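What follows is a single structure, written as structure tokens, with notes after it.
Where a number appears in this text, it was derived from the coordinates with a stated rule and is not lab data. Note that the structure is predicted; figures quoted are calculated from it, not measured. Here the Cβ positions follow ideal geometry from the backbone for every residue, glycine too, while neighbour counts run over all protein chains shown.
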Amino acid sequence: MKLQLALALAVSWLSSADSYSQSQPARSAQNEQTAQEVTKQRLLQVLEQDPNDKKALFEMGRLMVEEGDFVSAAPLFRKYVGLSPAEPGAWAYLLRCAVGQHDAREAADAQRQIERLAPTNLALHAQAACWLAGYGIPEVTGHEFELAMSLAPSQTRSGALWYSRLGQCYESAQDPNRAARAFQAAIDLDPDTETHYFRLAHLLAREGKAGPASEIMASAVAHFPRSVTTRVEAGSIELESGNPERALEKQQQAASLHPKSPGVLLLLGRIRLTQRRYPEAIATLEQAAKLAPADAGIHFYAGQAWMKTEQGTEKAIEHFKRSLELDANRASTYYWLGSLYFHRDHDYRVAVQYLEQAVDRAPELEAAHQMLIQAYKRLGEDAKAAAQLRRYEEIVQQRAKVETPE
Amino acid sequence: MRGLQLVRALVLGLGLLATLTTGVDPIQFEDGPAPRFVTRTGRTTRKYLPQTMAGGVAVFDYNNDGLLDIYVVNGATMPALLKDGAQYSDRLFRNNGDGTFTDVTDTAGLAGQGFNIGVAIGDYDNDGFEDIFVAGVHRNTLYHNNGDGTFTDVTERAGLVRPDPQYGKLWAVGATWVDYDRDGLLDLFVVNYVQWDAKTEPVCEKGGLPDYCYPRAYTGVPNSVFHNNGDGTFTDVSAVSGIRRSIGKGMAVAAADFEGDGWPDLFVSNDTLPNSLFLNQRNGTFKEAAIEKGVAFTENGAAISGMGVDARDIDNDSLPDIFETALLNETMPLFRNLGQVGFEEITFSSGAHASLAKTGWSNGIYDFNNDGRKDLFAACGHVMDAQGSLHATVPQTNIIFANLGKEQFADVSTSAGVALARRGVHRGAAFGDLDNDGRVDVVLTELDGPLRILRNVSLAPNHWLLIRTIGTKSNRDGIGTRIRLVTEDSVQYNAVSTSVGYASSSDLRVHFGLGRRALVQELELFWPSGTYQVLKNVKADQVLTVREP
């Protein structure tokens, strides 16, 4: 049972980790919800018959956690560990509940139990450290993160995936130093996977560390000399670091390997966009879109390029909408669509629809909050504007809590 | 000589052409004789961020002779931050009234210490003499004007030596004097940039050469507010006022009554972080509302590299608007104040997006051709070091947008005189009528370049009015007084403030261009104390002193 639970935890986590790197078609949320309700009903029936059914307790608790209902989930896991105190997987979920409720004491207690019961289980500790990321429980977070990192030397290549995921968690939590350490551990454990280099380099570039980002990509290029993707990413990193000329060098290197690669064209389009050579950007990105019509990213940038031209609004909207059909999760696409309807057409009603989607998907997208509040006000919906402002302020307060040590 | 005449004739021709094409009276500047001064950055092979940030300048009347004098702050050696020679001295130049200036720094005792960035002028003790606050790297200075041509450093006595409890010694780049609680005493709002230490300065490069690092490489800090106790001392109220809660990378501040409720609010431009808008809650606290009011980000959702800022009413609807400068390719955003709804950005719709090609620093909203519409000026120059392949692109020409009315602007820089065609790594700009001819002049600084005076020689036969406010219940400078001016065919609004642009301090007197109208029918003053005053039938073309009744 113990092993099974830990395994289930790991599988569920890794499958969610995959969604970071791949754009998945939107699943039918309604079907999923119905299936979940059925499962919950079944589990409730089991628990009515036997309140101590461990499997039902665990499954029910897990479902609650997935729904973000930590208040309901916590008692189930408390009961579970009361029945079976030596199962680290259940303690991990209890930790999740504590984190979700900002209960530093229970989080610390659960963390101690995990450490005692499974001191070398990377899956559990990486998961726990991930859950703690950015939740304003600095001591427990620091301890758990360091524990996860201390396990790196004893890992095999497969451990790299955990560190990559850990890095993503801390990147999302705006803790770039820890994220960088985790990504570096992923590279050290598995130097033959390109994405580990990309993640670290993008992070460094975003942090304004252009030199170290370039160095990481230089080592990636040395490791994968025939990889078009690596050259394209190297160019992308240069672009993010504000060096379009160097990005163009990398793009040309990639083009020498595969001139008609959509990725190569996408990079060139983005470079032209940065250089404000909009007609060239449009031509390049349209060409890329023809070669890879199902690439959401290409449509996104094509929309960006069209948006920069006087008469390009309709084409921009077309590309952004196509991008959303292919990847319904990209918050910035909703944002730009909202922006187009807001500024160009002054169609605040439609703008609101897109901007609401943007802030739902990326609450940290502050500009979307600003525009959404303004759109509500322009529509005369002051109550909604005020509610949105409160929501934004809650996010800011939450972030302040995270950033201010206790 | 003939060549120069030819260029002048050409520029005059361009000016006339601009008039024909834009329909506005031409704006013309020429380089006037300026005091000998070079803004020193302490150039080194290794680049330190403060070196690209220097250049504050103030125009103010330190000796009450009715003429604007010039005060410039200066850099220091790097990384020691020491003024170890006369070349690093801050300087005060007395206006002789004949187009020349006399260096009175030593007499005045204003040579200064450390690496200074910005300056703010205000009479904090209401004694009738303008005092000076200097913002610097890890060291700010308050000079009390003794009224006899000398100044005394009262920083410590005033209680302004206050390291932040979390961030330690702060690096200030500018400040504004503002009576935020309307008690008749000017308080001090200090704009702080980033956490910086020469020992931990990151190393960056551009084009293979060492260059300044992007602001993202530094941690943001809060701004500071000091409440004037009225006895020559100040209390640090950064935390209790709510200002300290907002972390930014502050570059400049504009104090204005954005809500029209009679209480001064504050807009702070931040570098690569969302702007801050601190709304006065009328109880000694401020509420940050940039997102709510729509000025945190530009319309394309960017947290730009905000630089200088000025807030004045560009469309005369009684609400102050915001003109902010920023980096190349970001535009210099123009936010129109819509009142309760918030602001809308009109940079593109107004035609002011030509600023895309420039990096702007200090800026101002002034009516340069006295046609009754306030125009826009931005001092320009790239952030990076003018070396290597960047040598040709870092110095930039300054930019002027003429206000065409109906929220439309036209870039008239190329027709505004050869002085506008001169490139430089400009930073500070202070605005004021140096020769009291009714036309607003500009004093400019350049990094490792000479001080410049752009004399306004616009030819249009327009009338004007300069108003010097003297508070009695309000602070003596009358800072914060809102003024409504009515002529036969127009209504205009402006307010008293010295805090204009980046790191700089401008003429305390409020300038109005009156177009062809030689009479102001009505002049209304809304003093910070709550006093309302109205003057009728005021003649144009004078410096009018108005004492609070």
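Numbers below:
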| quantity | calculated |
| --- | --- |
| Out-of-range pairs (alpha-carbon distance over 26 Å; input B:K358/B:K406; A:K209/B:K47; B:K206/B:K293; B:K83/B:K206; A:K308/A:K384; A:K315/B:K358) | B:K206/B:K293; B:K83/B:K206; A:K308/A:K384; A:K315/B:K358 |
| Highest average packing first - B:305-312, A:151-158, B:280-287, B:346-353, Cβ atoms within 10 Å | B:305-312, B:346-353, B:280-287, A:151-158 |
| Distance in nm between pseudo-label sites at B:A86 and B:I470 (7 Å out along the Cβ direction from Cα) | 3.8 |
| At R0 = 56 Å, FRET efficiency that the Cβ-Cβ distance of A:Q398 and A:E245 yields, to 0.05 | 0.90 |
| Cα gyration tensor, chain B - rounded (a/c under 1.5), prolate or oblate | rounded |
| Chain B: relative contact order in percent, alpha carbon pairs under 8 Å with at least 6 residues between | 16 |
| Average beta carbon contacts from partner chains per residue of A:203-213, 10 Å cutoff | 3 |
| Relative contact order, percent, the range B:154-198 [alpha-carbon distance under 8 Å, six or more residues apart] | 33 |
| Net charge of neighbours whose Cβ lies under 10 Å from the Cβ of B:N494, counting Lys and Arg as +1 and Asp and Glu as -1 | +2 |
| Computed label-point distance, nm, for sites A:E215 and A:D53 using a 7 Å Cα→Cβ extension | 5.8 |
| Cα-based helix-to-principal-axis angle, A:2-21 vs chain A, degrees rounded to 10 | 10 |
| The range B:159-221-the range A:278-322 distance, computed between alpha-carbon centres (Å) | 41 |
| Per-residue [θ]222 nm for the protein assembly as shown (sum of -39500 (n - 2.57) over DSSP H runs n ≥ 4, rounded to 500) | -11500 deg cm²/dmol |
| Additional length obtainable on full extension of the chain from A:S150 to A:H346, 0.36 nm per residue less Cα span | 65.1 nm |
| Potential extension, B:Q521-B:A392 segment - 0.36 nm per residue separation minus Cα distance | 41.3 nm |
| Where no second cysteine Cβ lies under 4.7 Å, the cysteines concerned in the protein assembly as shown | A:C97, B:C380 |
| Dipole in debye (nearest 20) - the range A:106-196, about Cα centre, beta carbon charges: Lys, Arg +1; Asp, Glu -1 | 120 |
| Residues A:D382 and B:V543, FRET efficiency given R0 of 51 Å [Cβ-Cβ distance, rounded to 0.05] | 0.65 |
| Simple label model, 7 Å out from Cα along Cβ direction - B:A198 to A:E318, nm | 6.0 |
| Relative packing of peptides B:44-53, B:289-298 - highest average C-beta neighbours within 10 Å first | B:289-298, B:44-53 |
| Three-way shape label, the range B:81-237, alpha-carbon gyration tensor, a/c 1.5 | oblate |
| Alpha-carbon centroids, the range A:194-251 and the range B:34-93: separation in whole Å | 41 |
| Lysines whose Cα lies under 22 Å from that of B:K539, excluding same-chain neighbours fewer than 8 positions away | B:K374 |
| Sorted by Cβ neighbour density within 10 Å, fewest at the top, the residues B:S504, A:S172, B:S246 | A:S172, B:S246, B:S504 |
| The range B:283-330 shape via C-alpha gyration tensor axes, a/c threshold 1.5 | oblate |
